[in-house]
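Have a look at this one.
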Amino acid sequence: MLRIEQGLVDQMVAHCRADHPDEACGVIAGPVGSDSPERFIPMVNAARSPTFYEFDSADLLRLYRDMDERDEEPVVIYHSHTATEAYPSRTDIAYASEPLAHYVLVSTRESGSSDGPYELRSFTIVDGVVTEESIDLFD
Amino acid sequence: MAVEVRIPTILRPYTGGEKLVIAEGATLAEVIADLDAHHPGLSDRLIDDSGLRRFVNVYLNDEDVRFLDGLATGIADQDSITILPAVAGG
């Protein structure tokens, strides 16, 4: 289960809407071992693509150094699908490399950049196996 | 040359859970071969027949080795190497 503050969900959705029709991506870091997402870190999609995302390699190094110094880990790794459902694609599964993270998918296909319905689902991806999990929101 | 190599979470099963290991070599290719000699299987996760795997980033100090000389990048004493899987998908 992913337990997450509503405000962080709102920030993820706002980022995904702002970058629509390209995919948006980012991390919510939290203290190592806490399983608690706390620090919202929107990232640039270096691929600037509606069908692919990738953190820029220099940004990636800075992000991990910064988390290391703060004793944090990526608790949530999120990205959007802008034309398909909020479910991990084959490439998402192939490149998933954080077995402890919650992979959050946001689909903006229905409302695009505007306010309106969106899908948001959370998964773990371990050794190519996708498992959907429930989301417990709190204020 | 002895260098420190930072190992990402997903590869720590190969290093007995260690996040920092020491390896030797004058080039990145030699360092990876030395890593593999002590932690069998690690090399396969980093390189394939065409060189560094597309979705593995290796940094020498602050620089992605793709912008240096790739596997031929020279390593000096006191250098540090960081391995990070790309965060990517579709």
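Please report the orientation-averaged projected area of the stretch A:2-133, defined via the convex hull of its C-alpha atoms, in nm².
The number I arrive at for the stretch A:2-133 is 7.2 nm².
Give, ordered by residue number, each residue of the stretch A:30-60 whose 1.4 Å probe accessible area is reduced by a minimum of 20 Å² on adding the remaining protein chains to the chain alone.
Buried-area filter returns A:Phe52, A:Tyr53, A:Glu54, A:Phe55, A:Ser57, A:Leu60.
Round to a whole number: what % of the accessible area of the protein assembly as shown belongs to carbon and sulfur, probe 1.4 Å?
49 percent
On to the next question. Take peptide A:65-75, look around each residue's Cβ out to 10 angstrom, count Cβ atoms belonging to other protein chains, and average those counts.
Across A:65-75, the average partner-chain Cβ count within 10 Å equals 1.
With labels modelled as points extended 7 Å from the Cα through the Cβ direction, what inter-label distance (nm, one decimal) is found for A:Thr51 paired with B:Phe67?
Label at A:Thr51, label at B:Phe67, 2.9 nm between them.
Could I ask something else about it? Could you sort A:Glu72, A:Glu119, A:Glu85, A:Glu110 by accessible area so the largest value comes first, with the probe set to 1.4 Å?
Putting A:Glu72, A:Glu119, A:Glu85, A:Glu110 in descending order of accessible area: A:Glu110, A:Glu85, A:Glu119, A:Glu72.
Based on the alpha carbon coordinates of the protein assembly as shown, what radius of gyration and maximum Cα-Cα distance (Dmax) apply, in Å?
Here Rg and the maximum Cα pair distance are 18.3, 58 Å.
Where q = 0.10, 0.13, 0.25 Å⁻¹, what log10 of I(q)/I(0) comes from the Debye formula for the stretch B:2-85, counting one point per Cα?
Taking Cα atoms of the stretch B:2-85 as identical point scatterers yields -0.19, -0.33, -1.43.
For the stretch A:2-133, what's the relative contact order in percent, using C-alpha pairs closer than 8 Å and at least 6 residues apart?
23 percent
Right, another one. Antiparallel DSSP bridges in the stretch A:29-139: what percent, to the nearest 5?
70 percent
Which whole number gives the average count of other chain Cβ atoms within 10 Å of the Cβ atoms across peptide A:95-103?
Taking the mean over all residues of the peptide, I get 4.
A follow-up question, please. So for the stretch B:43-88, Kirkwood radius off the Cα pairs, Stokes-Einstein at 25 °C and 0.890 mPa s: how many µm² s⁻¹?
For these conditions, the coefficient is 222 µm²/s.
Under a GNM of chain A (C-alpha, springs under 10 Å), which listed residue has the highest mean-square fluctuation: A:Ile28, A:Ile93, A:Ile77?
Comparing A:Ile28, A:Ile93, A:Ile77 in a Gaussian network model of chain A, the most mobile one is A:Ile93.
For B:Thr15 and A:Glu69, FRET efficiency with R0 = 22 Å and r from the beta-carbon atoms, rounded to 0.05?
0.55
Let me ask another. For A:Ser113 and B:Ile22, FRET efficiency with R0 = 45 Å and r from the beta-carbon atoms, rounded to 0.05?
0.35
Compute the whole-percent fraction of alpha carbon pairs in the stretch A:2-51 spaced more than 16 Å apart.
Of all Cα-Cα distances in the stretch A:2-51, 43 percent exceed 16 Å.
Given Cα pairs under 8 Å that are at least 6 residues apart, what percent is the relative contact order of the stretch B:2-85?
Contact order relative to length: 39 percent.
The values are calculated or read from the model by the stated rules, or taken from the named source; none is laboratory data. Quick caveat, the model's predicted, so the values are computed rather than measured. Because the Cβ atoms are built from the backbone with ideal geometry, glycine has one as well, and the counts that use them run over all protein chains shown. Side chains included, ligands, DNA and RNA excluded: accessible areas come from the protein's heavy atoms. Shrake-Rupley method; radii C 1.70, N 1.55, O 1.52, S 1.80 Å.
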